[in-house]
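Every number here is computed from the coordinates shown, using simple stated rules; none is lab data. Remember, it's a predicted structure, so these values are computed and weren't measured experimentally. Here the Cβ is made from the backbone with ideal geometry for all residues, glycine too, and neighbour counts use every protein chain on show.
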Amino acid sequence: MRSFLILNGPNLNLLGTRQPEIYGHTTLSDVEDMCRAHAEKIGVTVTCSQSNHEGALVDEIQNARGRHDGIILNAGAYTHTSIALMDAIKGTEAQLVELHLSNIHAREAFRHQSYISPVAVGLICGFGAHGYILAMDALQRHLEKSL
């Protein structure tokens with residue numbers, strides 16, 4: 001059975017209460033429950049993790065090697081600033097989908113730059129919490145084609 005790491009970065013622990021006009025009313029716990037339920041449907045296991053600390057996210061990515069077949073990463077603001085996350089992804093050779101709840105390309109110009117996109121197999125943004133389901137399906141399909 002395939003295994004996915006669903007990794008969330010800074011401030012995503014505040015989902016449902018932080019800027020609901022942008023990020024919606026769904027909490028991180030709701031997202032994780034939704035991902036676990038969808039994982040059962042598509043025949044994968046998921047491990048969900050969140051940290052506000054860049055180093056902890058790097059550790060999670062490094063520890064995914066050999067444990068998870070793919071990673072879904074919502075790096076939050078670190079998307080636009082973290083060369084360390086990009087290097088960790090390169091180092092694990094992970095099959096990774098970059099995810100954002102909002103359409104980062106319709107927001108402030110600084111959000112248009114991603115250090116994650118160049119090392120991701122794909123990007124999903126703008127679909128709110130449903131983006132996690134889309135990312136899981138996309139990652140599953142990508143891994144099936146890679147066999």
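Brief remarks on what is shown
- Charge dipole (Cα centre; +1 on Lys/Arg Cβ, -1 on Asp/Glu Cβ; no other charges) of the chain amounts to roughly 200 debye.
- Listed values (i) 1.05; (ii) 1.00; (iii) 0.95, entry calculated as Cα Rg over 2.2 N^0.38 Å: (iii)
- FRET efficiency estimate (nearest 0.05) - Cβ-Cβ, residue 25 to residue 1, R0 41 angstrom: 0.80
- Counted over the range 72-147 with a bin width of 5 Å, the fraction of Cα pairs per bin, in whole percents, is 3, 17, 27, 24, 18, 9, 2, 0.
- DSSP beta bridge pairing in the range 2-146, given as percent antiparallel to the nearest 5: 0 percent
- Put in line by how crowded their Cβ is, counting other Cβ atoms within 10 Å and starting with the fewest, 136, 34 read 34, 136.
- Take the Cα of residue 144, step 7 Å toward its Cβ, do the same at residue 52, and the gap between the two points is 4.0 nm.
- Estimated inter-spin distance, residue 87 and residue 62, nm [label 7 Å along Cα→Cβ]: 1.1 nm
- If R0 is taken as 25 Å, the Cβ-Cβ distance between residue 13 and residue 127 corresponds to a FRET efficiency of 0.80.
- Applying both filters, DSSP loop and at most 12 other Cβ atoms within 10 Å, to the GluC sites (Glu not before Pro) of the range 1-107 gives 93.
- Cα centroid of the range 24-40 to Cα centroid of the range 89-117, whole Å: 20 Å
- Trypsin sites (Lys or Arg not before Pro) within the range 7-60, DSSP loop, no more than 14 other Cβ atoms inside 10 Å: 18
- Between the beta carbons of residue 107 and residue 40, assuming R0 = 25 Å, the FRET efficiency works out to 0.15 to the nearest 0.05.
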